[in-house]
Each structure stands twice: as C-alpha cells, then as structure tokens.
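The structure appears right after this line, and notes come after that.
Just so you know, all these numbers are worked out from the coordinates, no wet-lab data involved. Note that the structure is a prediction, hence the values are computed from the model and not measured. So basically every Cβ, Gly included, is an ideal-geometry build from the backbone, and we count neighbours across all protein chains shown.
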Amino acid sequence: MAHDPVLLSRIQFAFTVTFHIIFPTLSIGLGLFLVIVEGLWLKTRDALYLEIYRFWLRIFALAFGVGVVTGIVLSFEFGTNFSVFARMVGPVLGPMIGLEVLTSFFLEAGFLGIMLFGLDRVGARLHYVATCLVWLGTLLSASWILSANSWMQAPSGVALRGDHFEVVNWLQVIFNPTFPFRLPHMLLAAFITASFLVSGVGAYYLLHDRHRAFARKTLSMGLGFASVLVACQIFLGDILAEVMYDHQPAKIEAVEGNWKDTPAASYLFLVVPDPQHERNSYTLGVPFLGSLLVTHSLDGVVPGLTDTPRDRRPAMAPVFYAFRVMYIIGTIMFVAVCVGTWLRFRGRLYSTRWFLKLMLWMTPSGLIATVGGWYTAEIGRQPWVVYGQLRTADAVSPVPGPAVLAAFLVILTVYSLFFAGFLAFALKAIRNGPSDLSGTPVIAGPVKRAFAGLAKASRSEGTAP
C-alpha cells in the first residue's frame, strides 16, 4: 500500500491540482475586480480607485505568474502518471486544451505586459482594454478547463472505438450536461474569493488605523459584491446538486452521509463511516433538516450510498467532509454579508471591531471553500476518471510506485518553495500598503503619440553630428 502507484499517482495529482487551483481562482476573481475598479477610475477620475487598482494589480500579477507555472506541471502529469487516460481521451481533451491555449493564453500573453507595465506608458483607455482582455483570457481558460472536467464528470458526444474515444458531436462534448451549471458555480466561487480577500485586507487596515480611505472603499466594495454573489451561489448550488444527482447519484449519496434511504432524515455534521458493514459508527446532526434541504420536505426520503453497487461507490468520509467544509464556510459567508449589510445601514460598518476581526479571519475563506468544493467533485467521481467509462485504476501509467513517490516528494518541495515565496511577497505588499498618490497621476497619451515621440527622437539622433 505504501508504494501503490495508483494511490500515489492520485495523491500527487491531488496535491498539484490543489495547489494550482488557488491561483487561477485568485486571477479570475481579482481580474474582474480590477476591471471594475479601473472602469470606475475612468468614469470618475477619482485617484482612490487608481490607488486600489495599482495595489491589487501586484497581487494579481503574483497569482497569475504562479498559476501559469503550476498549471504546466498538470499537463505533464497526464503523460507521466495517467498515460492510459491520455491515450484514451486524447482525441477529446487534446483539442479542447489546444483551444484553451489559442483563445486564452495568446490573449493573456498579448495584453498582460500592457496591463502590468503600461499604466504610465499608454493611453488610459487602451490600458483599460488590456485589463479587460486579460481578464477575458482568464475567463476563457476557466471555461475550457471546466468544460473538459465536466465532460469527465458526465461524458457525452463520444463513442469508444477500441482503445480510445472518438468525438461524434463536438457540441455535446463541449456543452455536456453538467457544464452549464458547473462553470457559473466555479466562476462565482472565484468572484466570492476575491470579494472576501479584498474585504479582509480592508478590515486589516481599519483595525490598524492605516490607509483608512483605501480600507473603507475596499471593504465596502468587497462586501457589496459578496452580498450579491453569495446569495446567487446558494441558489445555483442547490440547482447543481440536483443536476449532479441525476448524473452521479453516488456522489450526492456520499455527501449526505446516509447508507440507507432515510425518510425525515437529519442533516449530518459528523459521521464515522464503517464501509465494511455499510453503516455509520457515529453520527451527529439536526433532525429533519437533511430532508428539508435535499427534498424540500420535512418527511422526504434522502438516498443512501447502498443504492449504488459497492464497486462503484466513492469513499464516503472524504466526500462528506469536503462538502461540509464548503457548505459551512458558505453559511458563515452568508451570515457575514447579512451582518455587514445591517452594519452598513446602521453606519457602523467601519467601526465595529469584532466584525472587522471576523472579516480578517475570513480573508482566505473563499480559497478554502473552493478547494473543499473541488475535492467533493473529484473524489466523489471515484472510482471513475471518466465517469462510467474509464476507471482510475485502469488509467494509471505502468510506473513503479517508488518512482511516483520520488517525483511527488520533489514536487512537494518545489511547490512549498513557490507557496512560501508567494506568501512572502503578498504579505509584504499588504504590510507596506497601497502607494501614496498625490492627486491623479499623469497617464501617458495615446500610443500614436508615443510612436511619434520615438520617431522624433530617431530623427534627432540621425541629424546629430
């Protein structure tokens, strides 16, 4: 078991994808925040918005850079650890990954330099276009990846030909049954993550009585966005659960934590599963709440995991607790935005220290909830890598377990250094605070003016003695 290549390959991939997903989530959420803030600056010419933009641009750049580097490793792991999977699904996922590169990476690479370094070099409107296009690139990247992953969750539009899948309908592949629901769910998670990150940093400055104008504006904007986004996420999450039950009932059965179909079921917060005897050794929950949440009826029947054959069940404990992490954090978020809205109307949003401390603690909450949701989706799909078509154990490369373990230890070391560096730079930027701006800075004129200046300088050099 210690050198089981299947288990080690799964652990390695889980670690790398867990680390990676943090940074695209930040990039997507902060990218939209930067688009909004710079748009407000263009409309109002209020220097405070530009100060906010410049500050969060640094964090965005860090997250974007680390996300690109760590994402490359995932592509290689398909070949090194899951070569059977790569061969079988290559005709399906290969073109989708290629389209991600063409539509998102090229867009990001073309305009990222202008976004990061062109604020004082190009016209304000051109710079805003660059910001919008870079964010559009992150959005397209997320769309292609979620489409590919959703196809693995509910494969459609393909036929199995020998040792590989062949596409018979590309529209059914791309717009597979769960994609229209999983994509907005993931995007909302990214936007909520950025909202609480921005709010938490604003709360930090208010607690330390620093950069008060910056802090008040960012806390107000972050909470304002979160109050709408969290409500939308709760509504969409309920719909997504119903969709996933139609396509992956075992996942939802594991999420609920019941082994038998249970009428008037409790909502369980703690279970100690005993898979061998198909029962829970211990449970703790709220009576009737499970039926109410799942069936919208107090006496509705909540399905149990024994409805699924034993060889097609995911492990209950990790799926159950991963979902609880996401769900409980989401509930706390909802309470926090409700309290924040009430304090705003009472005029006490910026002075209630216990609430500011709560928001400070909630700074990384979006990332933790996102990882919990991702674990629910991925572990809940087991034992399938392509649901109902290809088992994970059959998709692994014929690589010795010790070799997989050695590679994992190297990745663990390198990624730990990456994460330490990211935290060090991000925390230093937060401690230093936003740069002081005296009025509205001078933004360079249009690009043609810059080229005219270069041409004039060239002519001057050409006529110099």
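Tabulated data for the structure shown
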| quantity | calculated |
| --- | --- |
| Distant-in-sequence amide H partners of ASP274 (H built 1.01 Å from N, under 5 Å) | ARG279, ASN280, SER281 |
| Euclidean distance between Cα centres, the stretch 144-175 to the stretch 388-426, Å | 26 Å |
| Label-reachable residues, the stretch 284-310, where backbone N falls under 17 Å from a point 7 Å from PHE269's Cα toward its Cβ | 284-293 |
| Relative contact order %, the chain, counting alpha carbon pairs below 8 Å whose residues are six or more apart | 22 percent |
| For the stretch 88-100, Karplus couplings with θ = phi - 60° (6.51, -1.76, 1.60), whole Hz, Gly/Pro x | 6, 9, x, x, 9, 7, x, x, 5, 5, x, 5, 4 |
| Full-extension gain in nm, ALA47 to THR413, via 0.36 nm per residue minus C-alpha separation | 127.5 nm |
| Pairwise label distance in nanometres, LEU360 with VAL168, each label 7 Å out on the Cα-Cβ vector | 6.0 nm |
| Spacing of the two label points (7 Å from each Cα toward its C-beta) at LEU102 and GLU242, in nm | 3.7 nm |
| Enclosed volume per residue, in Å³, of the convex hull spanned by Cα atoms of the stretch 50-173 | 110 Å³ |
| Listed candidates (1) 26, 62, 13, 0; (2) 22, 51, 24, 3, 0; (3) 24, 53, 19, 4, 0 - label of the one calculated as P(r) over Cα pairs in 20 Å bins from 0, in percent | (2) |
| Rg to Rh quotient for the stretch 345-394, alpha carbon positions, Kirkwood Rh | 1.42 |
| Relative contact order %, the stretch 225-339, counting alpha carbon pairs below 8 Å whose residues are six or more apart | 30 percent |
| The stretch 312-372 - Rg and Dmax from Cα coordinates, angstrom | 15.3, 55 |
